[in-house]
Amino acid sequence: MKGTTPLNIGFGNFVIAQRIIAVVDPFSSPVKQLIQEARKRGNLLNAAKGKRTRSAIFMDDGTIVLSSLSPMALARRLEELALPPLEKKPVEAQPEEMGE
């Protein structure tokens, strides 16, 4: 079972740290497009409370969470949690195609 360590993303809002895929700057065109698509799908959570959005947090279920904290501030908070490294799943070897 995955851990449930809460990460404070500002203004008393938390996400589960183990479910974070990426924390990025929201100002590049590709990220803006992903945010718009998430908004249309209903998979966007704005936790910035009306403040300037400084980071987009991509979760493992496809949700994007917007925060007023910078990606660096969130990275420092993640480091402070000292989470164990992710378990790497072994890559299964693909059977070689046989010639006819």
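Values in this text are rule-based calculations from the coordinates and carry no lab data. The structure presented is a predicted model; accordingly, all values stated were derived computationally and were not measured. All Cβ positions, glycine included, derive from the backbone under ideal geometry; neighbour counts span all protein chains shown.
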* Out of ALA56, ALA48, report the one residue that is over 13 Å from the mean Cα position of the chain (by Cα) and aliphatic (A, V, I, L, M). => ALA48
* To do: State which residue pairs qualify: first residue touching a residue at least 40 places away in the same chain (Cβ under 8 Å) and buried (at least 16 other Cβ atoms within 10 Å of the Cβ) and inside region 16-45, second residue of a type in the set (Gly, Ala, Ser) and not in a loop (DSSP other than H, G, I, E, B) in any location, beta carbons under 8 Å apart, and separation of 6 or more residues or different chains.
  => VAL23/SER55; VAL23/ALA56; VAL23/ALA75; VAL24/SER55; VAL24/ALA56; PRO26/SER55; PRO26/ALA56
* **Residue that is farthest from ARG76 (Cα to Cα), among those in region 1-56 that are touching a Ser or Thr at 6+ places or on another chain (Cβ under 6 Å) and of a type in the set (Val, Ile, Thr)** => ILE16
